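Data block below; observations after.
Taken together, the values in this text are just the output of simple stated rules run on the coordinates, not laboratory data. Computed from a prediction, not measured in an experiment: that's the story for all the values here. Note: ideal-geometry Cβ built from the backbone for every residue, glycine included; neighbour counts use all protein chains shown.
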Amino acid sequence: MIRLESERDEVRRILVDLIRLDTTNPPGNEILAATYLRNLLGRDGIGGEIVESAPGRASFIARLKGDGSRAPLLLMSHLDVVPVERSAWSVDPFAAVEKDGYLYGRGTLDIKNLVAMEAMVMMLLKRKRVPLARDVIFLAEADEEAGGRHGISWLVENHWEKIRAEFAINEGGDTSLSDGRILVACQCAEKGAGWYKIRFKGRGGHASAPHGENPIYRAAEAVRAIRTHTFPARRSPAVESYFRGLVGAGLLPGDLSVDELFDTPPENASAAARAVFSDHWMNAMLRNTITPTALEAGTQPNVIPAHVDLTVDTRRLPGVPRDEMIQALQDLAGREDAELTIIEDSDANSSPLGTELWGAIGTALRNKARSAVLAPYLSTGGTDSGALRARGVVCYGLEPSPAAPGELDRIHSHDERIRIESLWWGTELLFDTVEIVAAG
């Protein structure tokens with residue numbers, strides 16, 4: 001087991017530097033962070049390569065060679081971050097402000113913290129001359145926040161041999177502190193994501209003479225139907241294992257019946273089950289969801305528009321076909337003449353449990369905290385893991401930095417922050433995991 005001492009400030013400094021490089025996507029400009037990482041790892045004698053899918057849209061790849069007796073391990077994370085609403089932040093989101101034991105900034109949780117930790121692990125492996133049976137590949141990719149066309153999709157298509165691996169550690173998990181205990185929810189599956197546009201047609205006209213064919217009313221009815229619709233809960237192996245693990249560890253009420261979560265409608269559920277349903281993250285793990293995200297209509301205040309476009313985000317569980325979600329959308333739209341257009345759609349994906357990497361994560365976690373709990377996790381959001389799982393890579397989402405309840409709600413929101421101490425803890429867990437699975 002490694003315990004960071006002098007490196008504690010180093011991993012913090014790396015994250016500070018990364019936060020101060022504005023890689024907001026769009027436009028991305030990930031070349032800033034890719035160049036920084038090449039120089040950082042180069043100081044430890046770790047060679048790396050910057051590859052650009054378009055000017056400024058850069059990913060960085062580095063490799064520590066093993067003896068070749070086992071297939072490679074990939075440490076991956078992304079360099080881009082989502083935009084900010086500066087007026088909603090209490091600090092400059094790209095200044096990496098430290099206060100009260102936290103580091104504030106866009107990307108501190110999603111996911112430059114993992115970039116910093118994985119880079120630190122690479123340097124520690126080299127400094128400590130850890131004998132490796134596997135190559136350990138470091139990948140910091142572009143464009144995850146906007147679909148990956150300039151990032152993982154392009155890399156898989158154009159540079160597969162540089163990132164091909166048996167196992168991969170990526171974002172997508174959640175390590176949380178609950179009642180003094182640490183829960184590592186390790187992502188082994190993720191929902192399928194579909195973005196759709198629904199066009200409602202009507203009749204235009206002068207707003208001073210309203211009529212009954214205003215398409216805004218039709219769109220509003222559809223939004224109301226979506227809001228009040230609840231999909232039934234559906235069993236999936238990762239979700240069922242997750243809840244059984246939490247109940248067994250005492251992190252959910254002992255009187256909670258996991259079967260009830262899947263078999264009982266919310267209106268007939270027990271108080272313990274209703275508490276799970278009222279948690280919007282847990283509830284989304286149990287069922288398909290549809291969320292309106294944009295409404296476009298009209299040209300000026302005194303004109304009734306001829307059509308309205310409603311954009312929705314859909315998430316479907318493993319085993320749910322695309323056609324089933326499309327039918328649900330059409331039913332909720334309530335109009336035969338509503339036109340449905342697919343913007344983008346991807347299937348759910350998963351990796352098996354019980355692998356050598358899964359065992360290494362569990363061993364490393366027990367070595368750090370005997371009372372910690374490791375549970376498989378289905379993430380409601382998508383990651384770049386899907387592109388690798390489609391190629392047969394076993395991917396786990398491991399976010400090794402413990403966060404207090406509610407902290408992860410700051411992801412994609414304002415005042416995103418990370419406990420500085422959790423960076424050290426997470427880097428130690430990550431290094432121990434890599435050493436177990438990759439060392440000769």
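Given only helices, namely DSSP H runs of n ≥ 4 each adding -39500 (n - 2.57), what is the per-residue ellipticity at 222 nm of the chain, to the nearest 500 deg cm²/dmol?
Using -39500 (n - 2.57) per qualifying helix, the result is -10000 deg cm²/dmol.
Dimensions of the range 192-346 along principal axes (Cα, Å, largest first)?
For the range 192-346, the Cα spread along each principal axis is 63, 30, 23 Å.
With charges set only on the Cβ (+1 for Lys and Arg, -1 for Asp and Glu), what does the dipole of the range 192-346 come to about its Cα centre, in debye to the nearest 20?
In debye, rounded to 20, the range 192-346 gives about 220.
Please identify which residues in the range 74-109 have an amide N closer than 18 Å to a label point set 7 Å out from the Cα of Glu52, following the Cα→Cβ vector.
Within reach of a label on Glu52: 79-80.
Only Cα pairs under 8 Å and at least 6 apart count here; give the relative contact order of the chain as a rounded whole percent.
Normalised by residue count, the contact order of the chain is 25 percent.
Roughly speaking, what is the centre-to-centre gap between the range 45-76 and the range 112-172 when only Cα atoms are used, to the nearest Å?
Their Cα centres are 6 Å away from one another.
How tilted is helix 112-127 with respect to the longest principal axis of the chain? Cα atoms for both, answer in degrees (0 to 90, nearest 10).
20
For the range 192-346, what's the relative contact order in percent, using C-alpha pairs closer than 8 Å and at least 6 residues apart?
47
Is the C-alpha gyration tensor of the range 1-105 telling us rounded, prolate or oblate? Criteria: a/c under 1.5 is rounded; beyond that, a/b larger than b/c is prolate, otherwise oblate.
The shape class here is oblate.
Whole-Hz Karplus ³J(HN,Hα) for the range 381-387, in order, using 6.51 cos²θ - 1.76 cosθ + 1.60 and θ = phi - 60°, x for Gly and Pro?
Each residue's phi maps through the Karplus curve to give x, x, 9, 6, 4, x, 5 Hz.
What does the charge dipole of the range 299-428 about its Cα centre add up to, to the nearest 20 debye, if the Cβ of each Lys and Arg holds +1 and the Cβ of each Asp and Glu holds -1?
The dipole of the range 299-428 has a size of about 800 debye.
Tally the DSSP beta bridges in the chain and give the antiparallel ones as a percent, rounded to 5.
The antiparallel proportion sits near 70 percent.
Against the longest alpha carbon principal axis of the chain, how many degrees, from 0 to 90 and to the nearest 10, is the axis of helix 356-368 turned?
That helix lies at roughly 70 degrees to the long axis.
List the trypsin sites (Lys or Arg not before Pro) within the range 92-147 that DSSP assigns to loop and that have no more than 13 neighbouring Cβ atoms inside 10 Å.
Passing sites in the range 92-147 are Lys128, Arg129.
Between the helical axis of 420-438 and the dominant principal axis of the chain, each derived from Cα atoms, what acute angle in degrees is found, rounded to the nearest 10?
70
Going out from 0 in 10 Å bins, what whole percent of all Cα-Cα distances in the chain drops into each bin?
Bin by bin from 0 Å, the calculated values are 4, 20, 29, 25, 14, 6, 2, 0.
If the chain between Asn158 and Glu10 were fully stretched, how many nm would it gain, using 0.36 nm times the residue separation less the Cα-Cα distance?
49.9 nm
Take Ala439 and Thr311, extend 7 Å from each Cα along the Cα→Cβ direction, and tell me the distance between the two endpoints in nm.
4.9
Going by Cα centres, the range 222-297 and the range 1-25 are how many Å apart?
Taking the Cα centre of each part, the range 222-297 and the range 1-25 sit 36 Å apart.
Local charge sum around Glu171 (other residues, Cβ-Cβ under 9 Å, Lys/Arg +1, Asp/Glu -1)?
-4
Counting only GluC sites (Glu not before Pro) that are in a DSSP loop and have at most 11 other C-beta atoms within 10 Å, tell me the longest site-free stretch of the chain.
That would be 86-335.
Regarding the range 310-440, what's the average projected area of the Cα-atom convex hull, expressed in nm²?
That works out to 11.3 nm².
When only C-alpha pairs under 8 Å and at least 6 residues apart count, what is the relative contact order of the range 138-252, in percent?
Rounded, it is 12 percent for the range 138-252.
Please get the size of the charge dipole for the chain, origin at its Cα centre, with Cβ charges of +1 on Lys and Arg and -1 on Asp and Glu, quoted in debye to the nearest 20.
Approximately 620 debye in magnitude.
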